[in-house]
Amino acid sequence: MDGNGSDIHDHILRPRPRKPQHAQVMQLTREHSNTSSNGSASALLETPAEGLGSGLTSGRSTPVPEDAPQSTKALSSARKQVRAEQRRRLFPTIDYTSRVSHFDPESDYRDFHGFFNLFWIGLAIMAITSMLRNIKDTGYPLRVQIWTLFTVKLWHLGIADFLMVASTAFSLPLHMLTRKSDGGMSWKTGGMAIQSTYQVLWMSLWIAVPFALNWTWTAQVFFLLHTMVGLMKMHSYAFYNGHLSETEKRLRALDNPSTANKDPVYQYPSVENPMGTIANGGLEVDGDSDDEGLKQLREDLARELTSPIGNITYPNNLTWSNYVDYFFCPTLCYEMEYPRTKAINWTSLIAKIVATFGCIFLLTIISEEFILPVLQDSHTRLEATSSAFDTLLILFESISWLLFPFMLTFLLVFLVIFEYVLGAFAEITHFADRHFYADWWNSTDWMEFSREWNVPVYSFLRRHVYATSKPRIGKNMATIITFLISAMGHEIVMACITKKLRGYGFICQMSQLPIVMLQRTRLVRGKETLNNVCFWCSMILGLSLICSLYVLV
């Protein structure tokens with residue numbers, strides 16, 4: 001410094017100012033300095049003694065004497081471990097382990113509910129954009145071609161549907177009559193023939209009603225599907241109670257064993273016994289005395305007359321209230337009683353009702369915006385051409401344009417029927433078994449799809465068609481008969497909707513059998529991804545193809 005007090009560079013080298021350090025780093029540095037002054041510099045790299053932790057303590061720990069009780073030492077060790085676990089590392093690390101991604105085939109992760117929500121968001125976007133386009137083109141958010149069909153002859157539909165449902169109750173008075181008769185009017189000798197004849201006439205009448213009244217195709221679809229449900233419910237109720245009627249007569253006949261039938265008891269197909277079996281088939285009843293065989297036969301007959309839950313015994317189920325309750329339950333297979341829930345979940349019920357109308361709204365938008373215009377345009381172009389090549393080109397183009405709309409239609413129809421409508425009726429009737437479908441979207445062949453896509457219909461066909469025909473005609477023929485009846489039902493539905501009897505649906509349904517045989521060969525069997533891709537491709541293509549053939553050809 002000069003005489004005027006001004007600073008002069010003194011050429012002294014000073015360290016540069018350092019940034020503030022982390023408190024733990026400063027404490028670690030001080031400890032290292034103390035260690036260096038008391039020992040060798042290599043002590044910095046030595047591992048702390050076991051049980052002493054890292055040394056970064058608060059200083060409030062009280063040393064534990066060597067002769068302290070074991071409980072005191074355990075408590076002190078636990079405190080040190082907790083403090084060590086809570087202390088954060090200066091540089092966080094990532095724990096790596098052997099894991100697979102959520103979409104990996106080996107993954108156990110199955111919760112993809114977010115994609116379900118995304119599906120609905122995508123449909124909402126589709127509906128909003130369609131309405132905005134309609135406002136731009138026509139000034140109205142919705143087209144009216146299909147919406148107006150819902151209100152045409154609505155009272156006719158309501159009255160006819162009520163009469164159709166009420167007429168299924170013919171089975172109840174018939175059973176009351178056949179149960180009391182031991183002659184020609186018993187179920188086996190006369191009741192079964194009367195019921196079968198009535199079902200044929202009943203089905204023919206209600207199929208002809210929509211044609212006679214000239215209903216719209218929307219009303220005809222609803223009424224026909226409901227008629228199919230009524231037919232299956234009536235058949236299951238009649239034939240199961242017919243079996244119980246004959247079983248009761250056998251049990252009463254054993255009061256006089258000398259003239260009674262002592263054959264083993266046939267157990268009717270049920271959830272626990274889907275194919276039906278012979279109870280104690282190896283047990284023989286030789287004498288007329290009350291031996292073990294005769295007692296077992298009585299027990300088997302009495303067990304068959306008792307509901308699976310055990311609260312109702314035949315014929316206490318032959319009441320009007322039981323029949324009405326069965327008809328409203330979301331099942332096609334009759335039982336004397338079903339498992340029930342304790343109360344109605346009103347939140348779930350309201351949500352399912354709202355979702356039902358929401359699905360119908362979306363189905364109508366898809367039909368008006370993406371299906372009906374394609375069919376109308378293709379129909380006009382087909383009428384104007386006479387070339388076979390142009391006809392095939394227009395048909396293939398129509399099929400390609402309908403692929404995605406029919407895929408959405410298929411998914412929405414599945415949701416509205418099996419998740420929302422059946423779920424709503426299950427809530428109303430306290431029906432506890434909600435297994436209306438399985439994971440059919442993972443199907444690898446059509447046989448698996450038929451088991452898991454529509455569990456109520458599959459259970460009905462297995463119980464009343466396959467299981468009853470298999471002992472007489474064998475497994476293979478029973479399978480063919482089951483598919484044949486299912487194909488006929490699908491063809492009837494398509495013929496009533498389009499008012500054309502073409503057989504396309506019947507052929508496609510029956511062609512599933514050779515496809516299943518091909519998929520179960522050694523070259524294809526076990527390749528789940530390939531088979532599932534083939535299933536989805538054939539499903540989407542088949543829906544579009546059948547619609548185009550029925551409407552345009």
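The values are calculated or read from the model by the stated rules, or taken from the named source; none is laboratory data. The shown structure was predicted, so the numbers you read here are calculated from the model rather than taken from an experiment. Cβ placement follows ideal geometry from the backbone for every residue including glycine, while neighbour counts extend to all protein chains displayed. The accessibility values were calculated without ligands, DNA or RNA, using every heavy atom of the protein model including side chains. Shrake-Rupley method; radii C 1.70, N 1.55, O 1.52, S 1.80 Å.
Structure notes:
- Residue 417 vs. criteria over 26 Å from residue 335 (Cα atoms) and either outside the structural domain of residue 512 (by the TED database) or of a type in the set (A, V, I, L, M, F, W, C) (or both): no
- Taken over the stretch 299-323, the criterion of being part of a helix (DSSP H, G or I) and at pLDDT 85 or above is satisfied by 299, 301, 302, 303, 304, 320, 321, 322, 323.
- Of the residues making up the stretch 406-425, those that are out of contact with any Ser or Thr (no Cβ under 8 Å at 6 or more places or on another chain) and either touching a residue at least 40 places away in the same chain (Cβ under 8 Å) or among the aliphatic types (A, V, I, L, M) (or both) number 11.
- Within the stretch 508-527, the set of residues being touching a helix residue (DSSP H, G or I) at 6+ places or on another chain (Cβ under 8 Å) and either touching a residue at least 12 places away in the same chain (Cβ under 8 Å) or not assigned by the TED database to the domain that holds residue 492 (or both) comprises 508, 509, 510, 512, 513, 515, 516, 519.
- Filtering the stretch 331-342 for residues that are open to solvent by 40 Å² or more (accessible area, probe 1.4 Å), touching a helix residue (DSSP H, G or I) at 6+ places or on another chain (Cβ under 9 Å), touching a residue at least 24 places away in the same chain (Cβ under 8 Å) and not aromatic (Phe, Trp, Tyr) leaves a non-empty set.
- Single unsatisfied condition, residue 141 versus (1) open to solvent by 40 Å² or more (accessible area, probe 1.4 Å); (2) in a helix (DSSP H, G or I); (3) touching a Leu at 6+ places or on another chain (Cβ under 9 Å): (2)
- Residue-level check: of (1) buried (at least 20 other Cβ atoms within 10 Å of the Cβ); (2) in contact with a Ser or Thr (Cβ under 9 Å, 6 or more places away or on another chain); (3) over 27 Å from residue 265 (Cβ atoms), residue 352 misses just (2).
- Residue check for residue 458: in contact with an Asp or Glu (Cβ under 7 Å, 6 or more places away or on another chain), closer than 19 Å to residue 270 by Cα, crowded, with 18+ Cβ neighbours inside 10 Å and of a type in the set (Ser, Thr, Tyr): no
- Residue 482 in a helix (DSSP H, G or I) and on the phi < 0 side of the Ramachandran plot: yes
- Residue that is farthest from residue 220 (Cα to Cα), among those in the stretch 174-204 that are open to solvent by 60 Å² or more (accessible area, probe 1.4 Å) and under 36 Å from the mean Cα position of the chain (by Cα): 192
- Hey, residue 119 surrounded by 10 or more Cβ atoms within 10 Å (Cβ to Cβ), more than 30 Å from residue 243 (Cβ to Cβ) and either modelled with pLDDT under 85 or touching a strand residue (DSSP E or B) at 6+ places or on another chain (Cβ under 7 Å) (or both) or not: no
- Scope the stretch 524-536; condition assigned to a helix (DSSP H, G or I) and open to solvent by less than 80 Å² (accessible area, probe 1.4 Å); matching residues: 531, 532, 533, 534, 535, 536
- Residue that is farthest from the chain's Cα centre (by Cα), among those in the stretch 467-492 that are in contact (Cβ under 8 Å) with a residue 24 or more places away in the chain and open to solvent by less than 50 Å² (accessible area, probe 1.4 Å): 468
- Cβ pairs under 9 Å, 6+ apart, first in the stretch 213-240 and closer than 21 Å to residue 418 by Cα, second among the acidic types (Asp, Glu): 222/161; 223/161; 226/161; 227/161
- Only one entry in 236, 204, 196 is in contact with a Phe, Trp or Tyr (Cβ under 7 Å, 6 or more places away or on another chain), of a type in the set (S, T, N, Q) and under 25 Å from residue 461 (Cα atoms), namely 236.
- Residue tally, condition touching a Lys or Arg at 6+ places or on another chain (Cβ under 8 Å) and either at positive phi or touching a residue at least 40 places away in the same chain (Cβ under 8 Å) (or both), over the stretch 445-466: 1
- Members of the stretch 68-83 found to be over 57 Å from the mean Cα position of the chain (by Cα) and at pLDDT below 80, listed by number: none
- If the condition is being aliphatic (A, V, I, L, M) and open to solvent by 50 Å² or more (accessible area, probe 1.4 Å), then the stretch 209-228 contributes 212, 213, 225.
- Total residues in the stretch 212-268, condition under 35 Å from the mean Cα position of the chain (by Cα) and basic (Lys, Arg): 1
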